[in-house]
Every structure is written in structure tokens, then in C-alpha cells.
């Protein structure tokens, strides 16, 4: 269901679980200035099978990548997500759309890009 919500908005599935080494679902979106990621990862916890649902948004400027990340849910059983997939995906999209370059720069992290000269 995530794909049906995200694909019409320009998000594409980066690497399907069947083709990946990791148990993860990863959607990406890239335009001329901003890049985004919405994903679900398996949490390898003792005696629990849980997942984390996150979003990121980033941009590059003068050899620096600025990015902001938020967790929609952390360490939750998959049934929690499955029962709320549309609601949680829409929440992620609302947060993504609300973030602007100022938010990313002021509240996010930054990484020096090695390929910048």
C-alpha cells in the first residue's frame, strides 16, 4: 500500500526486499534541489521482531550535505504499522513536505562531501 500512496507523488522504490541483503523497504525522491527517503528497517533486537519507520530530507550546498531525519515509529511490531500504513505514510509525507531548507540546515546534521572540490 505504501507504493500506491508514494509512487504518484514521485517516490520510487529504491531496492525491493527481494533484491536486497537487508530486510528494509526504501523509497527515494530526488528533484533538482532536494532528496528524500522514506523507509522501514528491521530492528535486530533480542527476543523481539520490530521495525522502525523513518523519513529524511537533504540538500547539498558548497560541498556540504545537510539532512534532517525523523522517526515516525521506532521498535514497533509490524502489526502496528500494518494496521496504520496509510495514516503513518501520510504523516511521513506531511512532515517531509513541511521541512524547508532552513529547517534542514538549522535542525539537521551536516556531512562534508568528499567529491566536492
One residue is enough: does the range 75-94 have a residue meeting the conditions part of a loop (DSSP other than H, G, I, E, B), under 16 Å from residue 2 (Cβ atoms) and out of contact with any strand residue (DSSP E or B) (no Cβ under 8 Å at 6 or more places or on another chain)?
yes
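This table checks each residue for (1) farther than 20 Å from residue 12 by Cα; (2) part of a strand (DSSP E or B); (3) out of contact with any helix residue (DSSP H, G or I) (no Cβ under 6 Å at 6 or more places or on another chain); (4) modelled with pLDDT under 95.
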| site | (1), (2), (3), (4) |
| --- | --- |
| 39 | no, yes, yes, yes |
| 52 | no, yes, yes, yes |
| 58 | no, yes, yes, no |
| 65 | yes, yes, yes, no |
| 73 | yes, yes, yes, yes |
| 97 | no, no, yes, no |
| 114 | yes, no, yes, yes |
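Let's see how each residue does on (1) touching a helix residue (DSSP H, G or I) at 6+ places or on another chain (Cβ under 7 Å); (2) surrounded by 16 or more Cβ atoms within 10 Å (Cβ to Cβ); (3) under 29 Å from residue 106 (Cα atoms); (4) modelled with pLDDT under 95:
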residue: 30; (1), (2), (3), (4): no, no, yes, yes
residue: 69; (1), (2), (3), (4): no, no, yes, no
residue: 77; (1), (2), (3), (4): no, no, no, yes
residue: 83; (1), (2), (3), (4): no, no, no, yes
For the range 40-60, what are the residues that are touching a residue at least 24 places away in the same chain (Cβ under 8 Å) and over 15 Å from residue 80 (Cα atoms)?
45, 55, 57, 58, 59, 60
Is there any pair linking a residue in the range 24-35 that is free of Cβ contacts under 8 Å to residues at least 12 places away in the same chain and on the phi > 0 side of the Ramachandran plot to one that is assigned to a loop (DSSP other than H, G, I, E, B) and surrounded by fewer than 16 Cβ atoms within 10 Å (Cβ to Cβ), with Cβ under 9 Å and at least six apart or on different chains, and which?
none
On the basis of being at pLDDT 95 or above, surrounded by 15 or more Cβ atoms within 10 Å (Cβ to Cβ) and not in a strand (DSSP E or B), does residue 104 make the cut?
yes
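The values are calculated or read from the model by the stated rules, or taken from the named source; none is laboratory data. The model shown is predicted, which means the values in this text are computed figures rather than measured ones. As a convention, Cβ positions derive from the backbone with ideal geometry for all residues, glycine included, and neighbour counts pool all protein chains shown.
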